[in-house]
Structures are given as C-alpha cells and as structure tokens.
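Structure, as structure tokens:
All of the numbers you see were taken from the coordinates with simple rules; none came from a lab. Everything numeric in this text was worked out from a predicted model, so none of it was measured.
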Amino acid sequence: MSFRPILTVAASAGVLGLLAGAAPASQPAHAAAGVAPSTASAPAAPSYVPGEVIVRYDEGVGRAGRAETQRRAGARFEERVPGGSRRLVIRAGESVGETVAQLRRDPRVRYAQPNHVVRAALTPNDPGRSLQWNFFGANGVGAPGAWDAAIAARAPGGRGAVVAVVDSGVAYQTRGPFRRAPDLASQGYVRGYDFVDRDRFPNDENGHGTHVAGTIAGRTNNRVGVTGLAYGARVMPLRVLNARGIGDSVSIARALRYAASHRADVVNISVELEVPATAAQVPEIVSAARAAERRGLVIVSSSGNSGESYVNFPAAAPGVISVGATTIRGCRAAYSNEGPGLDLVAPGGGGDAAHRDNPRDDAACRPGATGPSIVQQTFRREGAVRSFSFPRNYVGTSFAAPHVSAAAAMIIATGRVGRNPSPAAVERRLKETARDLGPDGYDQRYGFGGLDAAAALAR
C-alpha cells in the first residue's frame, strides 16, 4: 500500500524572510526575520516584584511582635512561605529597598529580602520565535517550562536522546546537489538510511521531513530562524517518501526495524495510508511496530488528515501513540482525524472543526475561521533542495506528531520516569499530564488531551 505525508496546504501560502542569511548586509539579521529592531532602549525592569518583601522573624517572635514590626515598616502580612518566611505587601508608593533596609534594622527580623523575579533559564534569541504559537502560545505545548525542566535535569533540550524521523528524508548534510538546512545542527544526527534509493544518504527531496525534523530538534538560541522543542536530541533520518511525497508500507516497516536495531529512542512517522485499512491489510507495519516496541522504541504517528472518524495507519497500529491536531484556539483542527484509539492532540495549525456540544469548544472555537500554520525551516518550494525559507502554509497532523515525539525524547533524556523507561511508561506520562480539551475526560476528538510538555517534564 502507498503512503503520503500528512500535509494540508493552507489557503493563503506565503514565504517569510526569516533566514538570517537572506538579509542585505546593511540590515541586522532580526530585521530580515520580520522582527522590527528596537529604536530606543527600554528602561530596565526591576529585578524584584514591586510592592512585596519576604521576611523571616527570629524564633520566639509572636504575633504581636510581628504586627508591630510590620506596622513600623508600613507593610501588611500576605501569606506564609514554605520554610518559615512570610510575604508582606508594602504601602503603595513605598520603596521596596527602603522597606527592606528598615526591616533589617529590626532586632526581631532574621532576614528581609525583596521578592526576586525569576525568569526562564532559556529565553531563545531565535528571531522567528514570535511566530511559534505552538511552542509559546496559550494553546501551545509549554516549551519554555519543558526547556527549564530539562536544563535542571542536566539534559538540555533532551540531550542524549535519538529520534528517528521516518519521512521524506532530512536536509542534514551538504553533499552534491543537497545543502544542509541552516537551522539544523551539523552534528545533530546519527546515521540513517534511504529506503527509496537504497543507500545511506537519506537527503530530503521534498521538504516535508525537514520541516518535521525542525519541530523536533531544530537549533535553538542560535540567532537564526525559529526553535526546536528537543533541540538537544539527535535525529536519525530514515527516508521512505520520494520527491513527490509518496512511499509504501514495506519501507515504513523496514524503517521501523532499522530504528529499533540502531538504538533510536523515539520514532516519528508523519505519514498516512492513502486509503483506510485494517491491521490485516498492513501486517508488515503491525509486525514491525510490535517488534520495535518490544525493543523499547516509543513510536509516534499522525492520526490522519481527512477529517474522518477513524485513526489511520500507521497511527492505528498497536503500541503507536496516535496524534491529532489542534489550532491556535486549542480546538480540534477541521482536517484532523478523530475516533477510537486517538491518544493525544498537539498543535497542527489551520481552522477549527465545527463542534458545538460542550462548553470548552463552545467558548473557544470558531468554525470556519482560518488559523496560523506551524512555522519551521524547510525548502522555499517543494524540491528546491538548496533554497530554504520558513513557509507559512504547513498545517496538518504531520506537524502535530513531532511535538509529541520531541516531548517523549525529553522525558527519556531527563529520566523523568526512570532510567531506560518502557514505551508504556513514557506514553502514560504524556497522557497523565495532557490538558483536558473538549468534553470532560477522554474523548475521541482530543484523546487524553493536548500535549503539555512542561507538565510532562515537571517533577
């Protein structure tokens, strides 16, 4: 059986000049990226929360003593803080610094400090990050929190994990007519295979696989383009789709077995059958998926793009995490397949499906309205293997699945569910920490809910 990439082209295609190298020499890179340069220096924000101080009293200081100290300092009690200190709120217009100094002079006070502001350990400088609602928006996957948790676990960006990308190949090297995508790391790969041309050079000739790989492991904080979720993970490119985006089930099965035998941790399969099928009709895929899962491989695949009430293969195979797509409003995308066996949803972009039978969808969704796409670096146009841009016409469950694959890689790398976790343990963590969407609890539109990478990585 033949396969196709799961891509829905948005009605209004456009190309962003996000590639830093495309800017004239006289312009700063961030201007070429569509991010307006600042013309004036903004005043520095305070490094503490205005109007608040943290104080701890000496042992034995009673309520009356604390009240007297607070009265003299012009502060009032707000709440206890774990560890024995207290958060106080000072009078409007009073100086935090002066209040802290006055409290420190009081013999009843062990210490007094401003309530210092903390910020994300990683705030990427990639100029196109403002376009990545799927990472940073209210209905995104919580990338900053996931990054901070991974850094704290000494596995920044999922460092140490390997994600196999079963797709049209990846623009991972400069060789012959091919060029490496500038926003993909030159050393971020392990050896893959081309099951179309039967050689060891799985270079992308379509662009779909490069886009998927960018969401998973695109370089982050490099002042170029956009960001990748598991930016520290390595990619194993496995090419199963030709230049027209067409492949077959035997190649999928071979790629699964290759990924398992070459010690990938996660495999992303953003393809679907051209026609509905049963497990009996794709036994080679079912067998390969079972074998890969037994060897500890987490398998993630897209549910399908026909908007039907069934999960397509390979996502429907046993042991595969099936992923549908949501929009910027946190609604099921109109094209996203639903049905029994759907596990999770993640951002895929596009317009909302028409659901009006539950309060969440009633409040948030706008059926018929368009929505932004998933932005990553890939070919400027299909097949242009040396010319890169950041197209705004990539929507589909193809681009939802790699968010889940990246989160799975980070769970494994951080040891969040133990060392060498089973695929079932990783899947359980993803489901348990997902945000409930649509009807309460599990449902066939959103599965167990929307991916929350920050929650999945939290302790």
Report summary line: Expressed in Å to one decimal, the Kirkwood Rh of the chain from all distinct alpha-carbon pairs is 23.4
Report task. Considering only DSSP beta bridges where both residues belong to the chain, give the percentage that are antiparallel (nearest 5). Result -> 55
Query raised in the report: Mind listing the phi-derived Karplus ³J(HN,Hα) values for segment 451-459, rounded to whole Hz, using 6.51, -1.76 and 1.60 with θ = phi - 60°, and x for any glycine or proline?
Result: 3, 10, 5, 4, 5, 5, 8, 5, 6
Requested in this report: Could you pull out every residue, at least 5 positions away or on a different chain, whose amide H is within less than 5 Å of the one on Gly225? Hs are placed 1.01 Å off N in the peptide plane, and Pro or chain starts have none.
Outcome: Ala20, Gly128
Report task. Round to the nearest 10 and give me the degree value, 0 to 90, for the angle of helix 63-73's Cα axis relative to the longest principal axis of the chain. Result -> 90
Query raised in the report: Whose amide H sits under 5 Å from the amide H of Met236, counting only residues 5 or more places off or on another chain, with H placed in the peptide plane?
Result: Val163, Ala164, Val165, Val190
Query raised in the report: Using the alpha carbon gyration tensor of segment 48-116, what are the three equivalent-ellipsoid semi-axes (square root of 5 times each eigenvalue), largest first, in whole Å?
Result: 17, 13, 11
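Give the dimensionless ratio obtained when the Cα radius of gyration of segment 332-388 is divided by 2.2 N^0.38 Å.
1.51
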Report summary line: The correct pair for segment 193-305, radius of gyration to one decimal and Dmax as a whole number, both in Å and from Cα atoms, is 14.5, 49
**Report entry** Calculated from backbone phi, Karplus (6.51, -1.76, 1.60) coupling profile of segment 349-362 in Hz, x at Gly/Pro
**Finding:** x, x, x, 7, 6, 8, 10, 9, 10, 8, x, 4, 5, 4
Report summary line: With x for Gly and Pro, the residue-by-residue ³J(HN,Hα) of segment 296-305, computed from phi through the Karplus equation 6.51 cos²θ - 1.76 cosθ + 1.60 at θ = phi - 60° and given in whole Hz, is x, 8, 7, 10, 10, 8, 7, 6, x, 10
Report task. Put one equal scatterer on each alpha carbon of segment 340-459, apply the Debye formula with no solvent term, and list log10 I(q)/I(0) at q = 0.20 1/Å to two decimals. Result -> -1.11
